[in-house]
1. Helix 138-148 against the longest principal axis of the chain: what's the angle in degrees, Cα atoms only, rounded to the nearest 10?
2. Give me the 1.4 Å probe accessible area per residue for region 1-157, excluding ligands and nucleic acids, in Å².
3. Report ³J(HN,Hα) in whole Hz for each residue of region 350-366, in order, from the Karplus equation J = 6.51 cos²θ - 1.76 cosθ + 1.60 where θ = phi - 60°; Gly and Pro get x.
4. Looking at the square roots a ≥ b ≥ c of the eigenvalues of the Cα gyration tensor of the chain, which shape do they give, rounded for a/c under 1.5, prolate if a/b is larger than b/c, or oblate?
5. Order the peptides 94-101, 72-79 from the highest to the lowest mean number of other Cβ atoms within 10 Å of their residues.
6. Between 0 and 90 degrees, rounded to the nearest ten: what's the tilt of helix 295-306 against the longest Cα principal axis of the chain?
7. Would you please put 180-189, 56-65 in order of how densely packed they are, using the mean number of other Cβ atoms within 10 angstrom per residue and starting with the highest?
8. In whole percent, and with a 1.4 Å probe on the protein chains, what portion of the accessible area of region 1-85 is carbon and sulfur?
Amino acid sequence: MSEFIAPAKPIIGDEERAAVDRVMRSGMVAQGPEVAAFEQEFADQMVAGRRCVAVSSGTAGLHLGLLAAGIGPGDEVIVPSFTFAATGNSVALTGATPVFVDIEPDTFNLSPAAASAAITDRTRAIMPVHLYGHPFDAPAFQALAAEHDLQLFEDAAQAHGASLGGQKVGTFGTFAMFSLYPTKNMTSGEGGMVSCASDDIARQVRLLRNQGMEKQYANEVIGFNTRMTDIHAAIGRVQLTKVGAWTEQRRANAAFLDAGLAEVAGVTPPPVRAGAEHVYHQYTIRLDGASGVERDAFVAALKAEHNVGAGVYYPIPNHRLASLEKYAPDLDLPQTERAAREVVSLPVHPSLTQADLERIVSAVAAVAKAGA
Ligand SMILES: *Cc1c(COP(=O)(O)O)cnc(C)c1O
């Protein structure tokens with residue numbers, strides 16, 4: 001059988017290795033000048049110069065952003081259930097309550113209408129996710145936030161460089177978080193970048209990541225150690241010079257898959273919102289349950305019969321996880337449940353060859369036709 005096509009593939013090159021070596025030789029490996037340079041370069045390239053603060057992970061970025069924005073016990077924050085658990089976890093870690101809300105029926109992003117219906121007098125903020133690298137309906141959420149005096153936060157973990165109406169994701173809310181985990185569109189090994197709407201939020205995030213100190217031993221607030229190291233920042237700086245070309249390749253790969261899958265019965269290629277630049281962290285199709293194509297059997301057949309790897313993000317809605325279900329007794333989110341049953345993410349990463357792409361299309365068509 002042909003070689004296995006992996007669903008994701010981090011790319012680490014000689015330049016990244018050389019950058020790590022440079023920092024190691026300097027003898028200064030903890031947070032220092034590399035982190036400061038990475039923050040400035042990321043700000044200029046990704047979020048139109050907004051203040052950026054680097055932290056040890058995306059999850060830490062969400063947690064610190066929420067705390068910096070004043071979220072805590074007694075508050076409610078509206079989040080999707082159809083996402084990685086870090087979204088709801090970070091809200092719960094502040095002592096606030098994650099309020100899980102349904103997604104739009106066509107895209108996989110949080111529904112502004114459903115969010116509106118979930119607002120109570122305890123709601124302080126809405127934190128949608130630019131899921132799979134596809135921008136959520138930011139103008140609708142900004143309007144909703146303005147109308148109800150709420151804050152908007154962006155989980156942009158998967159959406160480096162995406163935009164809507166010409167505006168970059170990461171510039172719509174009080175803060176936004178980009179993950180730098182190896183499977184994301186760019187990596188620093190582990191890490192997160194927080195884009196901040198104001199000097200005050202940026203300063204609070206900086207304090208919280210470093211024991212509450214700006215000046216040594218003048219601790220102003222109770223904080224964490226969630227600093228990024230210069231070793232990680234050096235990797236991230238190199239990746240920043242490459243991610244633009246990788247994103248173009250992801251988009252080209254997605255366009256090929258779109259064209260190849262357009263006529264395949266039972267398969268819906270990923271929708272793109274008007275005015276959106278999707279960065280295809282994932283290329284996620286929907287299998288039409290009514291056509292008799294069963295998702296788990298479909299994924300198994302792609303692997304067994306065609307050696308094509310595929311992922312399911314996410315099979316269990318967050319409000320049904322053992323860790324988070326206490327926040328959502330008796331909640332019914334029909335679009336979330338349907339997506340959790342129907343989604344399949346096909347390989348779209350920049351290392352795919354033309355032959356790989358052709359194999360993916362023919363494998364999906366063959367398995368769909370067989371009604372796996
Ligand atoms: C990856 C991810 C996170 C968490 O980022 P880490 O860097 O892994 O901590 C949060 N939200 C979403 C949607 C993610 O995909």
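The values are calculated or read from the model by the stated rules, or taken from the named source; none is laboratory data. Remember, it's a predicted structure, so these values are computed and weren't measured experimentally. In this analysis, Cβ positions are derived from the backbone assuming ideal geometry, glycine residues included, and neighbour counts consider all displayed protein chains. Heavy atoms of the whole protein, side chains included, go into the accessibility calculation; ligands, DNA and RNA do not. Shrake-Rupley method; radii C 1.70, N 1.55, O 1.52, S 1.80 Å.
1. So the helix axis and the longest Cα principal axis differ by about 50 degrees.
2. With the other protein chains kept in place, region 1-157 gives 39 Å² per residue.
3. x, 7, 5, 8, 4, 5, 4, 4, 5, 5, 4, 4, 5, 5, 5, 4, 5
4. Working: a/c = 2.02, a/b = 1.25, b/c = 1.62.
Since a/c reaches 1.5 but b/c is at least a/b, the shape of the chain is classed as oblate.
5. By packing density, highest mean first, the sequence is 94-101, 72-79.
6. Helix 295-306 sits at roughly 70 degrees to that axis.
7. Most protected by this proxy first, the peptides run 56-65, 180-189.
8. On the way: 2160 of 3830 Å².
Answer for region 1-85: carbon and sulfur cover 57 percent of the accessible area.
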